[in-house]
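Peer 1: The following block contains the structure, expressed as structure tokens.
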Amino acid sequence: MKKTNTVRLLKSPFFILYFVILTAERVISLFSQVPFIFIGNPYYEGFKSGLVIVSIAAGWGYLLIGNSGIFKFSAPKNGNDFLRPSVAAGILLVSGMVHTRGTIAPIQFVSYGFLLAAMGIYTAECVKAKGKGALRCLTFAYITAFSMSIPVIYDTTCSCKLCQAFSVTQIWVSLGLIACFTVMSYRFFKNDSISGFPVYEIALAIIGDSAVLFLRWHSEINFFVLFAVITAAILWTAGKIISRTKYIE
């Protein structure tokens, strides 16, 4: 029982570690790219740096205002305690999806791992308390795959028309899918780890990622995004089917 309670209390620390680790990596990357800011397109570099800074400030601001309970690590928490923090996490994620010259990818993945671990613990709690294990676990797997399908905003030195279109398209697709992920996370905590499987979310992921992959296919194939969106589509289909059956334990 004591071990179980300890694991439950890890949700808040893991959630905060996502903020701390990702912010630290983003700040380091910003400072390390200063000497190279005028290499390439200075306007595009400035836009990316500004987007990272705004995302960090807005994410932390939204987390700190009216969310003091998230920092009380020893107090048990339910899904409602993570509603506003989940929105703040989505806002901060924008900074993580902007590739800068000093990006340290392994540290970013560690931060995302802590966020998903917090969601995984919450899923296990809900399964134990309310059942429907197959549906809840499938929901968590789908959200994880969807988050991996969000394309990172990269710079490109190629001046062909496809790459020019790619530079703009990737920004809109990334921001749009981050917004979807934020809504999914909010529903996840609000509805006891059952987020649902709206068709518009997976449709946006498939259409948006397809556009990004097509525009860059002639020079580079992003297999990570390709496999992630395919996995997300498969999990969405499974989730849609199982959510309509009566027996979903």
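Peer 1: Within the range 197-211, which residues are open to solvent by less than 50 Å² (accessible area, probe 1.4 Å) and over 18 Å from the mean Cα position of the chain (by Cα)?
Peer 2: Ala211, the sole residue that qualifies.
Peer 1: Determine if the range 12-35 includes at least one residue that is of a type in the set (Ser, Thr, Tyr), at pLDDT below 90, within 22 Å of Tyr122 (Cα to Cα) and open to solvent by less than 40 Å² (accessible area, probe 1.4 Å).
Peer 2: The answer is yes, given that some residue of the range 12-35 is of a type in the set (Ser, Thr, Tyr), at pLDDT below 90, within 22 Å of Tyr122 (Cα to Cα) and open to solvent by less than 40 Å² (accessible area, probe 1.4 Å).
Peer 1: For residues that are open to solvent by less than 10 Å² (accessible area, probe 1.4 Å), outside any helix (DSSP H, G or I) and modelled with pLDDT under 85, tally how many sit in the range 144-192.
Peer 2: Within the range 144-192, residues that are open to solvent by less than 10 Å² (accessible area, probe 1.4 Å), outside any helix (DSSP H, G or I) and modelled with pLDDT under 85 number 0.
Peer 1: Output the number of residues of the range 212-231 satisfying the condition of being open to solvent by less than 50 Å² (accessible area, probe 1.4 Å) and small (Gly, Ala, Ser).
Peer 2: Total meeting the criteria: 1.
Peer 1: Name the residues in the range 208-242 that are in contact with a Phe, Trp or Tyr (Cβ under 6 Å, 6 or more places away or on another chain) and not basic (Lys, Arg), would you?
Peer 2: Residues satisfying the conditions are Leu215, Ala232, Leu235, Trp236, Gly239.
Peer 1: I'm trying to understand the selection: among the residues of the range 201-249, which are touching a residue at least 12 places away in the same chain (Cβ under 8 Å), more than 25 Å from Asn191 (Cα to Cα) and in a loop (DSSP other than H, G, I, E, B)?
Peer 2: Residues satisfying the conditions are His218, Ser219, Asn222.
Peer 1: Could you grab me the full set of residues in the range 41-84 that are open to solvent by 90 Å² or more (accessible area, probe 1.4 Å), modelled with pLDDT under 80 and in a helix (DSSP H, G or I)?
Peer 2: Tyr43
The values are calculated or read from the model by the stated rules, or taken from the named source; none is laboratory data. Small disclaimer: the values here were computed from a predicted structure and weren't measured. Because the Cβ atoms are built from the backbone with ideal geometry, glycine has one as well, and the counts that use them run over all protein chains shown. Heavy atoms of the whole protein, side chains included, go into the accessibility calculation; ligands, DNA and RNA do not. Shrake-Rupley method; radii C 1.70, N 1.55, O 1.52, S 1.80 Å.
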